[in-house]
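Colleague: Attaching a single structure in structure tokens format; questions to follow.
The values are calculated or read from the model by the stated rules, or taken from the named source; none is laboratory data. These figures come from a predicted structure and were not determined experimentally. Ideal geometry is used to build each Cβ from the backbone, glycine not excepted, and the neighbour counts take in all protein chains shown. Surface areas here come from the heavy atoms of the whole protein model, side chains and all, with no ligands, DNA or RNA. Shrake-Rupley method; radii C 1.70, N 1.55, O 1.52, S 1.80 Å.
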Amino acid sequence: MIFSNYANLIDLSDYPVEWWEKVIKLGSEIAEDPGAYSKACEGKIMATLFYEPSTRTQMSFQTAMLRLGGTIIGFDNPATSSVAKGENLKDTTKIVSGYADIMVMRNPMEGSAKAAAISADCPIINAGDGRHLHPTQTLTDLLTLYKEKGRLDNLTVGLCGDLLNGRTVHSLCKALSAFKGNSFVMISTPGLRMPVYVKDILNAAGCKFTEVDSIEECISTLDVLYMTRIQRERFDSEEEYLAQKDVYCLDKRKIAMASKDMIVMHPLPRVDEIAMEVDEDPRAGYYKQAKYGMYVRMALIITMLGEKDRRMPLLEGHTYPTVCCTNPRCITNTEHYLPKSFRGTNDTLECEYCDERVLKTF
Ligand code: NCD
């Protein structure tokens, strides 16, 4: 069993639902009067290490810290840091976490935030690890639902686009399955369906879900339509991406079939899955959603700095000398010094970094 020395946010399920609700409630209060929190983090430094492109997540975190009276350091282009000289993740994050009070990291490898947390000297926030998870986008989405729909339960949520590679929908499904009465309509091509491990979580929570091919066949039943872009950077080849792009586009004709109370959400960036004509529709919620992201991140920073010494379990499973994670995007396959760790005892194990299912063969 490996514990962190600090509070981290790797996955929302690291915390009980009451904790998420506390952060969302604080985010909602901050949104009403942000100026009242302008000294909440005076003297504190936040590091943002972005190994992948970002506009909203990085800038909303940075603005959040600045609005709280703190300061920021970091990089958004690893090519200008020692990563370009071949420095490993452990050394970069160990050093920077010694400079900062809290560290936000986005990295293309799945399980990277957990890997960083193993040796970090300050709390780590996962700002997206490959196609795996994106818990702070989910806090953003939950605050948006709380403010705009007035509830986090009994919602029929349509998820559309790249459900295989989109980390935002993985985290969101996991989180909404913790509230009663939520159900999901997963709209994707057969090639981009939701990963099995997410569907298993929904089944275990007793959440209903269906998988469909088109927006038109379900939009009239939805409280929320969560659009996502096809994640070009996660495809093995340009041909595979081109075969999937342009399949879904929410336009005026389709939104006309929705209820007047439905909200359209999108983590952004949008490519072409929402026609710009929809921006004028009162149901378009994505610009507001991006702003809620800043308020909820202010709430998250205050909360995590307030309980920074909370020790949390990171690896609770077992190491098997002959078992490696079969996911080529798992951080354990590039940072070889990491202790491997798997949950489960039967023939199928689950990697504790990236959740990939691995067959135990001896
Ligand atoms: C998302 C991400 O990075 O996963 N963007 C964001 O954080 N707002 C969605 C995406 O890139 O498609």
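Colleague: Could you go through region 239-245 in sequence order and give the Karplus-derived ³J(HN,Hα) for each residue, using 6.51 cos²θ - 1.76 cosθ + 1.60 with θ = phi - 60°, rounded to whole Hz, and x for Gly and Pro?
Modeller: Here the 3J(HN,Hα) series is 4, 5, 5, 4, 5, 9, 6 Hz.
Colleague: Follow-up. Restricting attention to the alpha-carbon atoms of region 186-288, what are Rg (one decimal) and Dmax (integer), both in Å?
Modeller: Rg, Dmax (Cα atoms, Å): 14.5, 40.
Colleague: Among all the lysines, which ones have a C-alpha under 23 Å from Lys360's C-alpha, if same-chain residues fewer than 8 places away are not counted?
Modeller: Lys114, Lys199, Lys340
Colleague: Ranked from highest to lowest mean number of other Cβ atoms within 10 Å per residue, what is the order of the peptides 287-294, 222-229, 243-250, 317-324?
Modeller: Most protected by this proxy first, the peptides run 222-229, 287-294, 243-250, 317-324.
Colleague: Could you work out the relative contact order of region 144-233? I mean the mean sequence separation of Cα pairs under 8 Å and 6+ apart, divided by the number of residues, in percent. Each step should come with its number before you reach the end.
Modeller: On the way: 150 pairs, mean separation 36.3, N = 90.
Computed value for region 144-233: 40 percent relative contact order.
Colleague: Carbon and sulfur atoms: what percent of the 1.4 Å accessible area of region 145-232 do they account for?
Modeller: On the way: 1500 of 3030 Å².
Heavy-atom surface of region 145-232 belonging to carbon and sulfur, 1.4 Å probe: 49 percent.
Colleague: State, as an integer percentage, the relative contact order of region 195-343 based on alpha-carbon contacts under 8 Å between residues 6 or more apart. Provide the component values of the computation, followed by the final result.
Modeller: On the way: 123 pairs, mean separation 27.5, N = 149.
Relative contact order here is 18 percent.
Colleague: Using only Cα atoms, locate the centre of region 271-322 and the centre of region 194-215, then give the distance between them in Å, rounded to an integer.
Modeller: 21
Colleague: Another one. Once you order the gyration tensor axes a ≥ b ≥ c over the Cα atoms, which shape class does the chain get: rounded for a/c under 1.5, otherwise prolate or oblate by comparing a/b with b/c?
Modeller: Judged from the Cα gyration tensor, the chain comes out oblate (a/c at least 1.5, b/c at or above a/b).
Colleague: Still on this structure, I have one more. Spit out the partnerless Cys residues in the chain, using Cβ distances under 4.7 Å as the pairing rule.
Modeller: Cys41, Cys122, Cys160, Cys173, Cys207, Cys218, Cys249, Cys324
Colleague: Could you report region 195-323's accessible area per residue, 1.4 Å probe, as an integer in Å²?
Modeller: Spelled out: the 1.4 Å probe surface of region 195-323, per residue, equals 50 Å².
Colleague: For the chain, calculate the relative contact order in percent as a whole number, restricting contacts to Cα pairs under 8 Å that are 6 or more residues apart.
Modeller: Rounded, it is 21 percent for the chain.
Colleague: In region 1-100, if every C-alpha pair distance is counted and binned at 10 Å from zero, what percent goes to each bin?
Modeller: Bins of 10 Å from zero give 12, 35, 39, 13, 1 percent of pairs.
Colleague: Can I ask one more? Semi-axes, largest first, in whole Å: what does sqrt of 5 times each Cα gyration tensor eigenvalue give for region 270-335?
Modeller: Calculated on Cα positions only, the semi-axes equal 39, 25, 8 Å.
Colleague: Helix-only mean residue ellipticity at 222 nm, the chain, DSSP H runs n ≥ 4 weighted -39,500 (n - 2.57), per residue, nearest 500. What is it?
Modeller: -9500 deg cm²/dmol
Colleague: Ok, one more. In angstroms, what radius of gyration and Dmax does region 25-172 have, counting Cα atoms only?
Modeller: Values for region 25-172 (Cα only, Rg and Dmax): 16.4, 51 Å.
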